[in-house]
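S.K.: Here it is, the structure in full.
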Amino acid sequence: SIILIGDEGSGKTNILSRYINNKFQTDSKTTIGVELSSKTFTINNDKINAQFWDTAGEEKYKSMTAAYYKGALGALVIYDITKKQSFESIDRWISDLTNTADKRIQIILIGNKNDLEEQREVSREEGEMKAKGYNIAFMETSALNGKNIEIAFNKLVEEVYNNFRKEFESVANVELMRGKTITIEETKKKRKKCCDKEAIAKKFKHEK
Ligand code: GTP
Ligand code: MG
């Protein structure tokens, strides 16, 4: 599963709805707690249902949303390029996440609302530097016009897939993508059924 975190109003809900059903709302309500969306991918002819957890940015939901960090294999950490404060919160979001989540979690830093160039408070370079400091990917997006949304998610899903493929057999990885945790023991048992990893990787493509 993949989690979206960041300050309230940074655009998490709209980024996800743009990705899942190509929708944007100018007057979207603040998220309460956590909301689940999912999208189906095909890996080696097996349908994978990847889960995306959209969390509330508001501080009062912090303990509730942090409970979802543990199961996350990937994360989009999002700030609003027109709000310096949301960028300054990034260190805290990342440290909270990495303190709780799986050590191999794949993270992408997202500077959202890059359609609002004239209100920009955080330069692209600052975003790039921040991501470099954590050795994570970086992208500026716009949920409003859709810029880089699909690319960012595809990149992350692919990184999650590749990263966890290295350490688990693909069958186990499929289970992980479905949001289940699976032990090494089960992985070994399933190894027989497994096939050529390179071929699986090649076949890994998104369902449009
Ligand atoms: P919480 O659920 O409170 O944590 O906020 P959120 O991060 O989910 O933000 P949300 O997606 O609700 O967006 C907040 C506001 O920003 C809404 O009014 C959106 O319409 C607007 N917004 C989100 N993304 C963009 C964007 O890329 N460009 C512009 N111009 N506005 C955006
Ligand atoms: Mg929201």
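S.K.: How high is the FRET efficiency from GLN85 to THR40, r the C-beta distance, R0 41 Å, rounded to 0.05?
M.R.: The pair GLN85/THR40 has a calculated efficiency of 0.65.
S.K.: Using each residue's phi in region 7-15, evaluate 6.51 cos²θ - 1.76 cosθ + 1.60 at θ = phi - 60° and report the 3J(HN,Hα) Karplus result to the nearest Hz, with x for Gly and Pro.
M.R.: So the Karplus estimates, Gly and Pro as x, are 4, 5, x, 6, x, 3, 5, 6, 4 Hz.
S.K.: Also: What is the order of PHE41, PHE87, fewest Cβ neighbours within 10 Å to most?
M.R.: Neighbour counts put them in this order, fewest first: PHE41, PHE87.
S.K.: What order, most packed first, do the peptides 69-75, 94-100 have when packing is the mean number of other Cβ atoms within 10 Å of each residue?
M.R.: Ranked from most to least packed, the peptides come out as 69-75, 94-100.
S.K.: Do the alpha carbons of any pairs in LYS130/LYS155; LYS62/LYS147; LYS23/LYS70 sit beyond 22 Å of each other, and which pairs?
M.R.: LYS62/LYS147; LYS23/LYS70
S.K.: For a quick protection proxy, order the peptides 50-62, 20-32 by their average other-Cβ count within 10 Å, most packed first.
M.R.: 50-62, 20-32
S.K.: Which cross-chain or sequence-distant (5 or more) residues have an amide H under 5 Å from the amide H of GLN106, H modelled 1.01 Å from N in plane?
M.R.: HN-HN under 5 Å from GLN106: GLY74, ALA75.
Quick note: the coordinates plus some simple rules give every number you see, no bench work behind them. All figures in this text were calculated on a predicted structure; none of them were measured in a lab. Here Cβ is always computed from backbone atoms with ideal geometry, including for glycine, and neighbour counts include all displayed protein chains.
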